[in-house]
2 protein chains.
Amino acid sequence: MPIELLRQCRYFAGLSAATLDDAAACAQHRRVPDGEFFFHQGDEARHFYILATGHARLSQITPEGRQVILGLAGPRHEIGIIAAIEGAIYPLDLQAVQACAALTWDRAALGTLLEAHPLLALRALRMVSTRFVELQDRYRELATERVERRIARALLRLVVQIGRPEATGVTVAAPLARQDLAEMTGTTLFTVSRILSAWEAQGIISTGRERVTLCDAPRLTRIAEDLPEG
Amino acid sequence: MPIELLRQCRYFAGLSAATLDDAAACAQHRRVPDGEFFFHQGDEARHFYILATGHARLSQITPEGRQVILGLAGPRHEIGIIAAIEGAIYPLDLQAVQACAALTWDRAALGTLLEAHPLLALRALRMVSTRFVELQDRYRELATERVERRIARALLRLVVQIGRPEATGVTVAAPLARQDLAEMTGTTLFTVSRILSAWEAQGIISTGRERVTLCDAPRLTRIAEDLPEG
DNA sequence: CGGCTTTTTGAGGTTTGTCAAGCATGGTGG
DNA sequence: CCACCATGCTTGACAAACCTCAAAAAGCCG
């Protein structure tokens, strides 16, 4: 079963059976109940995780106590490869927003794996680089776009990343409060509420308590990209 | 001479003489005149650079043509390790803001080096991770801080990174227009101008055309961190 | 000096944040 | 099953931060 998960995640995808076997052999299982933290910002980075079930929030806290959500992770997502680096510390919090199960490797296991399979080091580099580019794009977005478009893009990302298809549209499969969306887009829960209400009135989305369902993706994409109304 | 530069930059610092020799052996030299581009966003990433002299701007362009500056690079800075990854493309522009000289490695040389010295792959991972964390902190800053504090922090970073000590303070050693600071902090040149004028009136900085000198670093730090006036 | 770019400053408008009050929702325990 | 409660959500009024645009001043270079 772990092997299947490895095969499906990007980090191990397409690697040799030997590599997967080695990786699975030294993996451990960990369960984290809803609301609990996998780790905190500032902790020494001892473990690399691959989520099997549940969703978790990647966030930072400002010195003033304000939270910034950098993303949500779901099944098959890799988190904390920084643990491969000696002396590294986690740069953010990872908190379960649902009960989660994950595979995990400690530094020793990771070190052995990377030595035995040098390709894994390049994969790690590629993974971090990819994340870096994504973050860079979001930095640009935050620096140049208005709130409505930022929320539109955040929602589209969430739907792609952790969406669950339903009769009326695609629902974000993790609990998602207005406050969460605000902390993802650098705005306030009030502004998010106003914008979601407006979209709901136009039939673009349907919402509920901690729930957002995207009904008209093309329309939201037009808002996100500022294309002409079709 | 190249070896000396390698020894001083973070990526190669502390590595064995054999590694440095190998790296120097396959390095090439490149000069880039003021205003020209090392590479463009979207180009296939073929080269890794270490700047020897001059300063260069890391920037992105939005689809609407608005520029966002992600940082300035100076001597000893490493840029484009992403070239180690097959098929990667540069995620940003690198443009000389002064005449620059750099050491550069192409993908083939980089591949050979990384294979011969596996530590270099982990170093690369560490470097990208460090940059990632820095970017993440700036993302948080942009999401939560007001303009004045963002400009204060940007200026403090520039002074640390590429500052040149002078009689009256520390000057940012690259040409730095109000527009540049605006594009670094997600605001407009008008707002930057107003804020710099206010700081100059208080004796915190002194400015000129495309020049900023920090005179009272503790005071600017208090603005950046929102500490009480001392 | 003359022409170019950069910078300053002002006036006015828009977006967005702040705060207060009340409403909806979903779970819980009687 | 229903009342209750905690939590999340909505909406309004207002204020503040910031942007936009215009015009003119200042600095630099030939």
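The values are calculated or read from the model by the stated rules, or taken from the named source; none is laboratory data. Small disclaimer: the values here were computed from a predicted structure and weren't measured. We place every Cβ from the backbone using ideal geometry, glycine too, and count neighbours over all the protein chains shown. For the accessible areas, the whole protein counts, side chains as well, though only heavy atoms, and no ligand, DNA or RNA atoms are used. Shrake-Rupley method; radii C 1.70, N 1.55, O 1.52, S 1.80 Å.
Within segment B:67-86, if we keep just the residues that are without any contact (Cβ under 8 Å) to a residue 60 or more places away in the chain and within 8 Å of another protein chain (Cβ to nearest Cβ), the residue that is surrounded by the most Cβ atoms within 10 Å (Cβ to Cβ) turns out to be B:84. Taking the listed residues A:143, A:96, A:109, A:101, the one that is open to solvent by less than 50 Å² (accessible area, probe 1.4 Å) and within 12 Å of chain B (Cβ to nearest Cβ) is A:143, with no other qualifying. Given the condition within 14 Å of chain B (Cβ to nearest Cβ), in contact (Cβ under 8 Å) with a residue 60 or more places away in the chain and more than 11 Å from DNA strand C (Cβ to nearest atom), answer yes or no: does some residue in segment A:155-168 qualify? Looking for residues that are within 14 Å of chain B (Cβ to nearest Cβ), in contact (Cβ under 8 Å) with a residue 60 or more places away in the chain and more than 11 Å from DNA strand C (Cβ to nearest atom), one finds none in segment A:155-168, hence no. For segment B:107-117, the count of residues that are free of Cβ contacts under 8 Å to residues at least 24 places away in the same chain, closer than 26 Å to residue A:91 by Cβ and either touching a strand residue (DSSP E or B) at 6+ places or on another chain (Cβ under 6 Å) or not polar (S, T, N, Q) (or both) is zero. Of the strands (runs of 3 or more DSSP E) lying entirely inside segment B:1-103, the ones with 1 or more residues being closer than 30 Å to residue A:146 by Cβ are found at B:37-39, B:56-61, B:67-73, B:93-96.
The rows are residues; the columns are (1) at pLDDT 95 or above; (2) closer than 30 Å to residue A:215 by Cβ; (3) acidic (Asp, Glu).
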| residue | (1), (2), (3) |
| --- | --- |
| A:123 | no, no, no |
| A:134 | yes, yes, yes |
| A:140 | yes, yes, no |
| A:148 | yes, yes, yes |
| A:160 | yes, yes, no |
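Across segment A:163-185, the qualifying residues are those that are more than 12 Å from DNA strand D (Cβ to nearest atom) and open to solvent by less than 10 Å² (accessible area, probe 1.4 Å), and the one among them that is farthest from residue A:135 (Cα to Cα) is A:171.
Screening residue B:221 on (1) over 23 Å from residue B:67 (Cα atoms); (2) touching a helix residue (DSSP H, G or I) at 6+ places or on another chain (Cβ under 7 Å); (3) not acidic (Asp, Glu); (4) not in a helix (DSSP H, G or I) shows it passes everything except condition (4). Applying the condition of being touching a strand residue (DSSP E or B) at 6+ places or on another chain (Cβ under 9 Å) and either in a helix (DSSP H, G or I) or near DNA strand D (Cβ under 8 Å from one of its atoms) (or both) to segment B:186-213 and asking which residue is nearest to the other protein chains (Cβ to nearest Cβ) yields B:186.
Within the set B:50, B:69, the sole residue that is farther than 20 Å from residue B:5 by Cα and touching a helix residue (DSSP H, G or I) at 6+ places or on another chain (Cβ under 7 Å) turns out to be B:69. If you go through segment B:20-62 and keep only what is within 23 Å of residue B:87 (Cβ to Cβ) and open to solvent by 40 Å² or more (accessible area, probe 1.4 Å), you end up with B:26, B:28, B:30, B:37, B:40, B:41, B:42, B:43, B:44, B:46, B:47, B:61.
Exactly one residue among B:194, B:178, B:164 is in contact with a helix residue (DSSP H, G or I) (Cβ under 9 Å, 6 or more places away or on another chain) and either farther than 18 Å from residue B:60 by Cβ or in the same structural domain as residue B:96 (by TED's automatic domain parsing) (or both), and that residue is B:178.
Take the conditions away from DNA strand C (no atom under 16 Å from the Cβ) and either within 13 Å of chain B (Cβ to nearest Cβ) or crowded, with 22+ Cβ neighbours inside 10 Å (or both) and apply them to residue A:127. Does it pass? Answer is yes for this residue.
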